[in-house]
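What follows is calculated from the coordinates using simple rules that are stated; it is not laboratory data. The structure presented is a predicted model; accordingly, all values stated were derived computationally and were not measured. Every residue, glycine as well, gets a Cβ built from its backbone with ideal geometry; the counts of neighbours run over all protein chains shown.
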Amino acid sequence: MKQNRIFNFNAGPAALPTPVLEEIRESFLNIAGSGMSVTEISHRSKIFDDIINEAIERTKRLLKLKDNFKVLFIQGGASLQFIMAPMNFLSDNKTADYINTGTWATKAIAQAEFLKKDINIAASSADKNFSYIPKQFNLGKNSAYLHITSNNTIKGTQWDKFPDTGGVPLIADMSSDIMSRVINAEKFGLIYAGAQKNIGPAGVCLAIVREDMLSEIPDNLPPMLNYSVYSDKKSLYNTPPCFGIYVIGLVLKWLEETIGGLEKMEEINRKKANLLYNLLDSGEFYKGTAQKDSRSKMNVTFRLPNEELEQKFVAQAMENNLGGLKGHRSVGGCRASIYNAATIESVETLASFMKEFETKNG
Ligand SMILES: *Cc1c(COP(=O)(O)O)cnc(C)c1O
């Protein structure tokens, strides 16, 4: 670890790989020999064209996307996608299905309802405080899509196998686990992910749209809210979030060239998660809040015997250079977000701190 840097378990914005931060620093004042920073060059320049193309191509290679997928960069975060998805893909004669697995899914549902669209809640885990991923679901009639949240950042649950919809397009909010594992993209009509958890800085959202979905889009949408416009203009209808796209490209380069692709990343992420879950399961002091078969490999949520100890835990962890371990303000408790950029070393350091804390306070 570099001096002055901590082990960062923030949920989002979250840690970026140190080599990526170093590369940003190295090239910041003079990108590609231009004598300018990436934040100072034209988004219509050859240099930026290369940057955005590279980010698109790396996305396609890493996720093994066929040519019928469009890779788009949109501002407004994942939250704008909550309303763009139904605006574009839910026509008035159809229903949209949603599976409610927590805070972010609830917000996505609220946005579709805001449009006064016809929504069916195909399944929900609200009955047990969103501590699990539902195993069964019921699609409504004439379904335009099924929307899921692949990883529930706040509740600490994650879809292991994606639901079989029998041809109904899946739409997934993958904000907190995009590029963390191998997926079969074919089933997805739309994948979106705010960059700031796993692939870049805040201010840009990656959206991956299957081409056939574009034909569903009504022609009376404002251009800034129309996926076709982003697709036709290669995300350059207006000035895109240039810096964010540049950093995404660097993170994906790191994923491909340093980590060695998503199979490797998945393996590392499984190791990291196992380290922490084994520890949670080894005694009575820490208690995982998600059901075992639904546990997230990205956000490990847990409680200590009481809130006083939880506060002490978070504070003492910080004194030991372990940051970001407080649970989301809506649920309390503790949470270790161990996205791609969290190294095995950082998770091992956290695990030994946790053992020590238990010995002293258990
Ligand atoms: C953080 C998060 C969001 C919200 O993202 P914004 O970019 O802040 O709009 C949505 N969904 C999930 C799963 C998240 O983790």
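Our helix-only sum for the chain, with -39,500 (n - 2.57) per DSSP H run of n ≥ 4 divided by its residues, gives a mean residue ellipticity at 222 nm of -11000 deg cm²/dmol. A simple rule links phi to the HN-Hα coupling: the Karplus curve 6.51 cos²θ - 1.76 cosθ + 1.60 with θ = phi - 60°, which for region 347-355 gives 6, 5, 5, 5, 4, 5, 4, 5, 5 Hz, with x for Gly and Pro.
What is the ratio of the Cα radius of gyration of the chain to 2.2 N^0.38 Å, with N the residue count, to two decimals? Don't skip to the answer; put the middle values down first.
Numbers: Rg = 20.7 Å, N = 362, 2.2 N^0.38 = 20.6 Å.
The chain yields a ratio of 1.00.
Residue exposure proxy: 171, 24, 148, ordered by other Cβ atoms within 10 angstrom of their Cβ from fewest to most, comes out as 24, 171, 148. With the simple spin-label model, which puts each label point 7 Å out from Cα in the Cβ direction, the residue 106 to residue 256 separation comes to 4.0 nm. Roughly what % antiparallel, to the nearest 5, for the DSSP beta bridges in the chain? Percentage antiparallel, nearest 5: 50. One Cα centroid belongs to region 117-145, the other to region 1-78; the line between them spans 35 Å.
Which net charge results for the neighbourhood of residue 185, defined as the other residues with beta-carbon distances under 10 angstrom from its beta-carbon, given Lys and Arg at +1 and Asp and Glu at -1? Numbers along the way, then the final one.
Values: positive: 60, 64, 66, 187, 210; negative: 186.
Residues close to residue 185 contribute a combined charge of +4.
Under the rule that an exposed site lies in a DSSP loop and has at most 12 other Cβ atoms within 10 Å, name the longest stretch of the chain with no GluC sites (Glu not before Pro) of that kind, not counting the sites themselves. Value returned for the longest uninterrupted segment is 41-283. Applying a DSSP loop filter and a limit of 13 other Cβ atoms within 10 Å to the trypsin sites (Lys or Arg not before Pro) in region 181-282 leaves 233.
Region 330-362 to region 160-221: how many Å between their Cα centroids? Between the Cα centre of region 330-362 and that of region 160-221, the gap is 30 Å.
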